[in-house]
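Below is one structure, written out as structure tokens, with a few remarks after it.
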Amino acid sequence: MARTIHVLNGPNLNRLGRREPEIYGHTTLAEVEAMCRVAAGDDTVVFRQTNYEGQLVEWIHEATDTGAAGIVINPAGLTFTSIPVLDALKMFNGPIIELHISNIHRREAIYHRSLVSGVATAVIAGLGARGYATAMRSLHELLDA
Ligand code: DHK
């Protein structure tokens, strides 16, 4: 049965490649999307980015309502502030992988407490952009198990 995985990205990730490359690297979001599609194998990928909290919430609802098999989410700055994103993720029944390009625990204290980790199946942080491919492969294996 064809499965769909939603890869959802929060604010400022549209600027990957130009944004603080010493932290986030030089890989662009388009290149990340291509990596995800390769890593997904025969799973269908819905790949999105928004700078708006409400849009991210509505995309999580869409993943739930359309029976997505899993979610990979990098909420970016909303990770640490957004109860609406957390509440939306609580309604999703499949596996959720929280993804951060940087190791948020080695950064400033404001980045240390994720609201999302409490509902995430797993957290990947610090692998750089390759973490997205790791998340996709891991989700593929979780879903095949
Ligand atoms: C991305 C962001 O935009 C930051 O707000 C987070 C995360 C870290 C990342 O490492 O992908 O703190």
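Residue count for the stretch 80-99, restricted to those that are open to solvent by less than 10 Å² (accessible area, probe 1.4 Å) and over 17 Å from S138 (Cβ atoms): 4. Once the stretch 1-50 is narrowed to residues that are among the aliphatic types (A, V, I, L, M) and within 13 Å of the ligand (Cβ to nearest atom), the residue that is farthest from R137 (Cα to Cα) is I23. For I96, are the conditions met, namely being more than 10 Å from the ligand (Cβ to nearest atom) and touching a helix residue (DSSP H, G or I) at 6+ places or on another chain (Cβ under 8 Å)? So I96 passes the test. Filtering the stretch 1-15 to residues that are closer than 21 Å to F80 by Cα, open to solvent by 40 Å² or more (accessible area, probe 1.4 Å) and either of a type in the set (A, V, I, L, M) or in a loop (DSSP other than H, G, I, E, B) (or both) leaves only N12. Annotation: of all residues in the stretch 48-79 being free of Cβ contacts under 8 Å to residues at least 40 places away in the same chain and of a type in the set (V, I, T), the one that is most open to solvent (accessible area, probe 1.4 Å) is T64. For the structure I just gave you, tell me whether A145 is touching a residue at least 24 places away in the same chain (Cβ under 8 Å) and either open to solvent by less than 40 Å² (accessible area, probe 1.4 Å) or away from the ligand (no atom under 14 Å from the Cβ) (or both). The answer is no for A145. The set of residues in the stretch 66-93 being of a type in the set (V, I, T), in contact with a helix residue (DSSP H, G or I) (Cβ under 6 Å, 6 or more places away or on another chain) and closer than 21 Å to T44 by Cβ consists of I71, V72. Within the option set A125, A129, being of a type in the set (A, V, I, L, M, F, W, C), under 19 Å from N14 (Cβ atoms) and within 11 Å of the ligand (Cβ to nearest atom) holds for one residue only, A129.
Restricted to the stretch 55-93, and to residues there that are of a type in the set (F, W, Y) and under 15 Å from N9 (Cα atoms), the residue that is nearest to the ligand (Cβ to nearest atom) is F80.
The values are calculated or read from the model by the stated rules, or taken from the named source; none is laboratory data. All values reported here derive from a predicted model rather than from experimental measurement. Backbone-built Cβ (ideal geometry, glycine too); neighbour counts: all protein chains shown. The area values use the complete protein model at the heavy-atom level, side chains included, leaving out ligands, DNA and RNA. Shrake-Rupley method; radii C 1.70, N 1.55, O 1.52, S 1.80 Å.
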